[in-house]
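Input: a single structure, listed below in structure tokens.
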Amino acid sequence: MPRGRDRTGSNRRRGRAQAERRPLKRPSSTPSIDLTSPRPHLLQTGEVRRLLTGIGQPPPKPFKPDPFQLQALAALETEDVLVTAPTGSGKTWIAQEEIRRLLNSGKQAWYTSPLKALTNSKYQEFSAEFGADRVGILTGDRKENSDAPLIVGTTEIYRNQLFDSLRSGSEMRGDLVVLDEAHYLADEDRGHVWEEAIILTPARIRLLLLSATIGNADQFAEWISEVRGVRCTVVPGPAARPVTLRAALLLPDKRLLPMLNEHGRLNPEIVQMGERERERQRERDGERPWRGRGSRR
């Protein structure tokens with residue numbers, strides 16, 4: 001018996017030593033998910049099929065401007081313009097075409113935005129469109145080709161240029177200023193920058209304001225006309241977003257769950273998931289779920 005126990009103990013020790021020398025298995029990386037593959041876990045419901053139908057690159061076709069785009073370009077010849085149109089409807093095309101016309105006439109323009117990331121993106125886009133030698137950028141941390149006829153910059157930088165012009169008594173250069181995301185005028189912390197930029201821009205310089213979220217556009221345009229002494233026309237775009245948004249959740253089990261059902265209401269499964277999570281949170285907080293009268297405690 002003692003020898004048997006010793007052999008058993010020895011076997012256990014050898015097993016542990018082998019286990020310690022054996023390399024640990026690393027968990028495999030999470031597999032990538034191909035939304036175009038007809039796997040059962042992705043295309044298991046009609047809701048998911050409806051969600052993914054039509055997603056992809058549309059077939060190429062000749063570009064034809066919308067009437068609101070042509071209306072805005074015509075109005076810019078003599079007055080300021082406020083374009084209110086949903087995202088993806090072509091507001092930037094208006095600015096691009098007006099900038100093209102001015103550059104070809106030997107004139108100058110500014111394109112401003114509230115975000116550095118958007119400013120950098122537009123700088124790359126316009127450099128490819130008009131030529132790098134004709135486009136410069138001014139932000140808090142970038143200054144390149146500042147004498148170019150087209151300057152892309154943050155709205156704060158443009159406002160600062162206006163202040164510098166006033167202090168030095170020099171004339172502000174430019175024939176057009178594009179204020180992208182013009183609804184930032186209502187921002188509690190930064191709105192004064194847009195207000196000052198609009199008020200201080202010389203009346204000879206046309207303003208093109210772009211926004212998708214201004215609800216009181218007529219009132220906004222009336223104020224611009226009053227403070228600048230130049231008529232400001234509102235040009236509304238299409239009422240509906242041309243490129244519809246589709247929302248879904250990718251669950252841990254790799255199922256794709258649409259946020260809305262076919263009736264436009266929140267998916268019942270998501271509602272149930274929320275209820276279960278709230279129930280678990282109550283249990284973690286030490287609260288017993290209420291089970292009705294006569295339930296056992």
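The values are calculated or read from the model by the stated rules, or taken from the named source; none is laboratory data. These numbers were taken from a predicted model, which means no experiment stands behind them. Don't worry about glycine lacking a Cβ; one is built from the backbone with ideal geometry, like all the others, and counts go over all protein chains shown.
Is it fair to say G174 is within 30 Å of G215 (Cβ to Cβ) and within 18 Å of the chain's Cα centre (by Cα)? Spell out how you get there, then give the answer.
Values: within 30 Å of G215 (Cβ to Cβ): yes; within 18 Å of the chain's Cα centre (by Cα): no.
No; evaluated as a whole, the condition is false for this residue.
Residue by residue through region 234-252, note down the ones that are in contact with a strand residue (DSSP E or B) (Cβ under 9 Å, 6 or more places away or on another chain) and closer than 23 Å to V48 by Cα.
Restricting attention to region 234-252, the residues satisfying the condition of being in contact with a strand residue (DSSP E or B) (Cβ under 9 Å, 6 or more places away or on another chain) are 234-237, 246-251.
Matches in region 234-252: R246, A247, A248, L249, L250, L251.
List the number of the failed condition for Y111; all other conditions in (1) of a type in the set (F, W, Y); (2) part of a helix (DSSP H, G or I); (3) modelled with pLDDT of 95 or more hold.
Y111 satisfies every listed condition except (2).
What residue, of R265, R255, R278, is basic (K, R), more than 20 Å from T155 (Cβ to Cβ), touching a strand residue (DSSP E or B) at 6+ places or on another chain (Cβ under 9 Å) and not assigned by TED's automatic domain parsing to the domain that holds Q108?
On the way: R265 fails: touching a strand residue (DSSP E or B) at 6+ places or on another chain (Cβ under 9 Å); R278 fails: touching a strand residue (DSSP E or B) at 6+ places or on another chain (Cβ under 9 Å).
Step by step, each of R265, R255, R278 is checked, and only R255 is basic (K, R), more than 20 Å from T155 (Cβ to Cβ), touching a strand residue (DSSP E or B) at 6+ places or on another chain (Cβ under 9 Å) and not assigned by TED's automatic domain parsing to the domain that holds Q108.
Go through D141, D164 for me and flag whichever is assigned by TED's automatic domain parsing to the domain that holds A203, charged (D, E, K, R) and either under 22 Å from S211 (Cβ atoms) or assigned to a loop (DSSP other than H, G, I, E, B) (or both).
Values: D164 fails: either under 22 Å from S211 (Cβ atoms) or assigned to a loop (DSSP other than H, G, I, E, B) (or both).
Checking each option against the conditions leaves just D141.
Step by step: first the residues of region 47-93, then only those that are part of a helix (DSSP H, G or I) and of a type in the set (S, T, N, Q), then the one that is surrounded by the fewest Cβ atoms within 10 Å (Cβ to Cβ). Which residue is that? Reasoning before the result, please.
Applying the first criterion (part of a helix (DSSP H, G or I)) to region 47-93 yields 47-52, 67-75, 91-93.
With the extra rule that they be of a type in the set (S, T, N, Q), the set shrinks to 69, 71, 92.
On the way: Q69: 20, Q71: 18, T92: 16.
In this case the residue turns out to be T92.
Just wondering, is there one or more residues in region 199-206 that are surrounded by 17 or more Cβ atoms within 10 Å (Cβ to Cβ) and under 26 Å from the mean Cα position of the chain (by Cα)? First the steps, then the outcome.
First, pick out the residues of region 199-206 that are surrounded by 17 or more Cβ atoms within 10 Å (Cβ to Cβ): 200-201, 205-206.
Then drop every residue that is not under 26 Å from the mean Cα position of the chain (by Cα), which leaves none.
There is no residue in region 199-206 that is surrounded by 17 or more Cβ atoms within 10 Å (Cβ to Cβ) and under 26 Å from the mean Cα position of the chain (by Cα).
Yes/no per residue for (1) farther than 22 Å from Q69 by Cβ; (2) at pLDDT 80 or above; (3) aliphatic (A, V, I, L, M):
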position	(1), (2), (3)
A217	no, yes, yes
R228	yes, yes, no
R231	no, yes, no
A247	yes, yes, yes
M259	yes, yes, yes
H263	yes, no, no
I270	yes, yes, yes
D285	yes, yes, no
R297	yes, no, no
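Suppose we filter T84, T36, T45 for residues that are at pLDDT below 90 and touching a Gly at 6+ places or on another chain (Cβ under 9 Å); which single one remains?
Values: T84 fails: at pLDDT below 90; T45 fails: touching a Gly at 6+ places or on another chain (Cβ under 9 Å).
The match here is T36.
Please name all residue pairs, on different chains or six or more residues apart, with Cβ atoms under 8 Å, provided the first residue is in region 214-236 and is free of Cβ contacts under 8 Å to residues at least 60 places away in the same chain and the second residue is part of a loop (DSSP other than H, G, I, E, B).
Cβ pairs passing all conditions: G229/A203.
Failed condition for S170, given (1) at pLDDT 95 or above; (2) not in a helix (DSSP H, G or I), with all others met?
Single failed check for S170: (1).
Looking at K107, K122 in this structure, which one is surrounded by fewer than 16 Cβ atoms within 10 Å (Cβ to Cβ) and out of contact with any Gly (no Cβ under 7 Å at 6 or more places or on another chain)? Give the steps one after another, and end with the answer.
Values: K122 fails: surrounded by fewer than 16 Cβ atoms within 10 Å (Cβ to Cβ).
Of the residues listed, the single one that is surrounded by fewer than 16 Cβ atoms within 10 Å (Cβ to Cβ) and out of contact with any Gly (no Cβ under 7 Å at 6 or more places or on another chain) is K107.
Please name all residue pairs, on different chains or six or more residues apart, with Cβ atoms under 6 Å, provided the first residue is in region 153-177 and is loosely packed, with under 15 Cβ neighbours inside 10 Å and the second residue is among the charged types (D, E, K, R) and not in a helix (DSSP H, G or I).
none
Within region 86-109, track down each residue that is in contact with a Leu (Cβ under 8 Å, 6 or more places away or on another chain) and more than 19 Å from P149 (Cα to Cα).
If the condition is that a residue be in contact with a Leu (Cβ under 8 Å, 6 or more places away or on another chain) and more than 19 Å from P149 (Cα to Cα), then K91 is the only one that fits.
Which ones in region 173-206 are under 20 Å from E144 (Cβ atoms) and part of a loop (DSSP other than H, G, I, E, B)?
Let us first name the residues in region 173-206 that are under 20 Å from E144 (Cβ atoms), namely 173-174, 177-178, 180.
Within region 173-206, R173, G174, D180 meet the criteria.
Would you mind stating whether R276 is under 29 Å from T84 (Cα atoms), exposed (fewer than 13 other Cβ atoms within 10 Å of the Cβ) and free of Cβ contacts under 8 Å to residues at least 40 places away in the same chain? Spell out how you get there, then give the answer.
Numbers: under 29 Å from T84 (Cα atoms): no; exposed (fewer than 13 other Cβ atoms within 10 Å of the Cβ): yes; free of Cβ contacts under 8 Å to residues at least 40 places away in the same chain: yes.
Against the criterion (under 29 Å from T84 (Cα atoms), exposed (fewer than 13 other Cβ atoms within 10 Å of the Cβ) and free of Cβ contacts under 8 Å to residues at least 40 places away in the same chain), R276 does not qualify.
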